[in-house]
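A.B. asks: My questions all concern the structure below.
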Amino acid sequence: MSKHESRLKKLEASRTSNATSEMSVPCDPIAFARLLGLEPDPWQGDLLTSTDERVILNCCRQSGKTTIVSVLALHHALIHPKSLVLIFSPSERQSKEFLKKIQDYYGELGSPGGSIANSASTLELTNRSRIVALPSSEGRFGASAPRHSCSSTKPRRSTRGSTSRCFPCLASLAGGSFS
């Protein structure tokens, strides 16, 4: 066997093993959540499969809102090439923590397909989908409307200190939205 033939065989073996090690992303978001080791609660399953234009989540703290919306955002970015997923939270720190959860899930999957950019505020996949974390103040003015965006609410005291308000929070999927 010549030197070139040997090299070609090694490259072919490498390509074949890489192809079999890459996982396919299930189209069903509940199956995708289970692939990540999550068993969605009934309300989370409803959210993952919802086709409603708008959904309001009225959940207690630590109920899994960020977790399940992170799964939904990552699933959307993997399944829909060239999609833009924007993450809005009241502060930049919160948005980046939200994105970190998505990046961790992506890593747990073995980073299927790889990424072009992976920073504290952006995850860009090789299918040209982007997930970008922004503070809510930037989301109001500077970004074009994506097909999918995620947001979190935070009760805030008004400047008068006597009333409480929630920042507007909106997440949209295929023209709809989740709050």
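The values are calculated or read from the model by the stated rules, or taken from the named source; none is laboratory data. Given the structure is predicted, the values throughout are model-derived calculations rather than measurements. Here the Cβ positions follow ideal geometry from the backbone for every residue, glycine too, while neighbour counts run over all protein chains shown.
A.B. asks: In the stretch 86-100, is there at least one residue being touching a residue at least 40 places away in the same chain (Cβ under 8 Å) and under 21 Å from Ala31 (Cα atoms)? Working first, answer last.
C.D. replies: First pass over the stretch 86-100, keeping only residues touching a residue at least 40 places away in the same chain (Cβ under 8 Å): 86-92, 94-95, 98.
Applying the additional criterion that residues be under 21 Å from Ala31 (Cα atoms) yields none.
No, every residue in the stretch 86-100 fails to be touching a residue at least 40 places away in the same chain (Cβ under 8 Å) and under 21 Å from Ala31 (Cα atoms).
A.B. asks: Within the group Ser172, Ser162, which residue is at pLDDT below 85 and under 29 Å from Ser24 (Cα atoms)? Write out each step before concluding.
C.D. replies: Values: Ser162 fails: under 29 Å from Ser24 (Cα atoms).
After applying the criteria, what remains is Ser172.
A.B. asks: Can you work out which of the residues in the stretch 49-69 that are in contact (Cβ under 8 Å) with a residue 60 or more places away in the chain and either buried (at least 17 other Cβ atoms within 10 Å of the Cβ) or part of a helix (DSSP H, G or I) (or both) is farthest from the chain's Cα centre (by Cα)?
C.D. replies: From the stretch 49-69, those in contact (Cβ under 8 Å) with a residue 60 or more places away in the chain are 50-57, 65-66, 69; that's our starting set.
Then drop every residue that is not either buried (at least 17 other Cβ atoms within 10 Å of the Cβ) or part of a helix (DSSP H, G or I) (or both), which leaves 57, 65-66, 69.
Working: Leu57: 17, Lys65: 12, Thr66: 10, Val69: 7 Å.
Selected residue: Leu57.
A.B. asks: Tell me which of these Cys59 doesn't satisfy, since it passes every other one: (1) modelled with pLDDT of 90 or more; (2) closer than 25 Å to Ala133 by Cβ.
C.D. replies: Checking Cys59 against (1) modelled with pLDDT of 90 or more; (2) closer than 25 Å to Ala133 by Cβ, the one that fails is (1).
A.B. asks: How about the stretch 118-131: which of its residues are out of contact with any Lys or Arg (no Cβ under 8 Å at 6 or more places or on another chain) and surrounded by fewer than 20 Cβ atoms within 10 Å (Cβ to Cβ)?
C.D. replies: The initial filter retains those residues of the stretch 118-131 that are out of contact with any Lys or Arg (no Cβ under 8 Å at 6 or more places or on another chain), namely 118-119, 125-126, 130-131.
Asn118, Ser119, Thr126, Arg130 - these are the residues of the stretch 118-131 that are out of contact with any Lys or Arg (no Cβ under 8 Å at 6 or more places or on another chain) and surrounded by fewer than 20 Cβ atoms within 10 Å (Cβ to Cβ).
A.B. asks: Any idea which residue in the stretch 85-116 is farthest from Gly45 (Cα to Cα), counting only those that are surrounded by fewer than 19 Cβ atoms within 10 Å (Cβ to Cβ) and of a type in the set (A, V, I, L, M)?
C.D. replies: Ile116
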